[in-house]
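Asks: Dropping the structure in here first, questions after.
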Amino acid sequence: MSNDHLALEASHLTKLFGTLKAVDDVTFSVQRGEIFGFLGPNGAGKTTTIRMLTGLLTPNEGRVIVNGIDLHDHMIKAKMQMGVIPEVGTTYVDLTAEQNLALTGKYYGLSRERIRERTKELLGALGLYERRGDPVRTYSKGMRQRLSFACAIIHEPNVLFLDEPTEGLDVQSRRLLVDMILELNMKGCTIFLTTHNIEEANALCQRVAIINKGRLVALDRPEALRSSFEKTQSLEVSFDPRIATDTLCFGHVSKIETSGDKMILYTDDPHATIKQVVDVAQQEHARILSLRTRGPSLEEAFIMLTDDKRPGCEIVD
């Protein structure tokens, strides 16, 4: 028996490809009406997980429930609850935008009248209406992705799966898709979003899960994940004249990045590091032009959870 307040339940999902365990005992749930982010580095298991959640792959172990419907036992009924934009678009390039939407609408059992209504509504909102009769092969990447989005939501799904929906898009296309995602969510649609874009996840998602090497390593609100990694604090400092970066590789500093005329020192002890920075400035006869502490970001928390820990001080130019 599933919980009524959950739109998606994944229980102990495991997927093997030969001896490779691509997804390893992954369990989580998504609330109805939530925008849920699913993050991880390349090869972490994101796409394999989303394919199991949407019925494109059968897990070796585990189960998926979509809006109270067991995906394994009632595949078609469960799929009728969802819309999916895969990593690679699924529009037919030899058909027009209108024909793609008409075909997709028929798959979901929509009437001709309803397909016409939704086609006009969606193509208008996504800036494609004037090109509705052109073959999709003449569209740009951004236009094709917008059309894929329209096809995914023509039947007004309860749960929308988005696999890297804004990857590589122009600013206009990205803005249109983000606005549509927020509008759908305001109307009650649950959004499951996989992305490499940390800022996008931080801005859109109520909660994020982070997967690494096939296993979930974190699941919480973005702000909670950020604040849980106080040791990823950093100092931003600028000297005149500039000094050699390696002179700042103190014991508490794990990484140094250069940003314009500033250096960013990642440290687990800002107080001790500030004292050492002042000492180096005196030794090098340099003036400190600016010095400020920065709190941890979601991106830094993500790196801490997914990067293999490197000993010593890493210098990034």
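Rundown of residues vs (1) outside the structural domain of residue 109 (by TED's automatic domain parsing); (2) under 30 Å from residue 6 (Cα atoms); (3) part of a loop (DSSP other than H, G, I, E, B), yes/no style:
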| residue | (1), (2), (3) |
| --- | --- |
| 130 | no, no, no |
| 133 | no, no, yes |
| 137 | no, no, no |
| 144 | no, no, no |
| 147 | no, yes, no |
| 150 | no, yes, no |
| 157 | no, yes, yes |
| 161 | no, yes, no |
| 166 | no, yes, yes |
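Asks: Scan segment 148-158 for residues that are within 15 Å of residue 86 (Cβ to Cβ) and either among the β-branched types (Val, Ile, Thr) or free of Cβ contacts under 8 Å to residues at least 60 places away in the same chain (or both) and jot them down.
Replies: If the condition is that a residue be within 15 Å of residue 86 (Cβ to Cβ) and either among the β-branched types (Val, Ile, Thr) or free of Cβ contacts under 8 Å to residues at least 60 places away in the same chain (or both), then 150, 153 are the ones that fit.
Asks: When segment 119-147 is examined, which residues are found to be over 17 Å from residue 90 (Cα atoms) and without any contact (Cβ under 8 Å) to a residue 24 or more places away in the chain?
Replies: 120, 121, 124, 129, 130
Asks: Which residue is farthest from residue 8 (Cα to Cα), if the candidates are limited to segment 168-188 and must be assigned to a loop (DSSP other than H, G, I, E, B) and without any contact (Cβ under 8 Å) to a residue 40 or more places away in the chain? Steps first, answer last, please.
Replies: Pass one, segment 168-188, residues assigned to a loop (DSSP other than H, G, I, E, B): 168-170, 187-188.
Add one more test, that the residue is without any contact (Cβ under 8 Å) to a residue 40 or more places away in the chain, and what stays is 168-170, 187.
Working: 168: 28, 169: 28, 170: 31, 187: 17 Å.
Residue satisfying both the conditions and the ranking: 170.
Asks: Among the listed residues 23, 30, identify the single one that is within 20 Å of residue 181 (Cβ to Cβ) and part of a strand (DSSP E or B).
Replies: Working: 23 fails: within 20 Å of residue 181 (Cβ to Cβ).
It is 30.
Asks: Mind checking which strands (runs of 3 or more DSSP E) fall wholly inside segment 232-290 and carry at least 1 residues that are surrounded by fewer than 18 Cβ atoms within 10 Å (Cβ to Cβ), within 33 Å of the chain's Cα centre (by Cα) and without any contact (Cβ under 8 Å) to a residue 24 or more places away in the chain?
Replies: In segment 232-290, 253-259 are the strands (runs of 3 or more DSSP E) which contain 1 or more residues that are surrounded by fewer than 18 Cβ atoms within 10 Å (Cβ to Cβ), within 33 Å of the chain's Cα centre (by Cα) and without any contact (Cβ under 8 Å) to a residue 24 or more places away in the chain.
Asks: I'd like to verify a number: residues in segment 189-229 that are of a type in the set (Ser, Thr, Tyr) and crowded, with 19+ Cβ neighbours inside 10 Å, how many?
Replies: 3
Asks: Of the numbered conditions (1) among the β-branched types (Val, Ile, Thr); (2) under 17 Å from the mean Cα position of the chain (by Cα); (3) surrounded by fewer than 21 Cβ atoms within 10 Å (Cβ to Cβ), residue 138 fails exactly one; give the number of that condition.
Replies: Against the list (1) among the β-branched types (Val, Ile, Thr); (2) under 17 Å from the mean Cα position of the chain (by Cα); (3) surrounded by fewer than 21 Cβ atoms within 10 Å (Cβ to Cβ), residue 138 comes up short only on (2).
Asks: Please go through segment 42-67 and pick out each residue that is at pLDDT below 95 and surrounded by fewer than 17 Cβ atoms within 10 Å (Cβ to Cβ).
Replies: Listed by number, the residues that qualify are 42, 43, 56.
Asks: Pull up segment 77-91, narrow it to residues that are modelled with pLDDT under 95 and surrounded by fewer than 15 Cβ atoms within 10 Å (Cβ to Cβ), then point me to the one that is farthest from residue 39 (Cα to Cα).
Replies: The extreme case among them is 90.
Asks: Here's something else I'd like to know. Which residues, counting only those in segment 183-199, are out of contact with any strand residue (DSSP E or B) (no Cβ under 8 Å at 6 or more places or on another chain) and either within 22 Å of residue 53 (Cα to Cα) or not assigned by TED's automatic domain parsing to the domain that holds residue 24 (or both)?
Replies: Within segment 183-199, 188, 197 meet the criteria.
Rundown of residues vs (1) in contact with an Asp or Glu (Cβ under 8 Å, 6 or more places away or on another chain); (2) modelled with pLDDT of 95 or more, yes/no style:
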site: 134; (1), (2): no, yes
site: 142; (1), (2): yes, no
site: 154; (1), (2): no, yes
site: 158; (1), (2): no, yes
site: 169; (1), (2): no, no
site: 172; (1), (2): no, no
site: 177; (1), (2): no, no
site: 195; (1), (2): yes, no
site: 200; (1), (2): no, no
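The values are calculated or read from the model by the stated rules, or taken from the named source; none is laboratory data. As the structure is a computational prediction, the values presented were derived from the model and not from experiment. Note: ideal-geometry Cβ built from the backbone for every residue, glycine included; neighbour counts use all protein chains shown.
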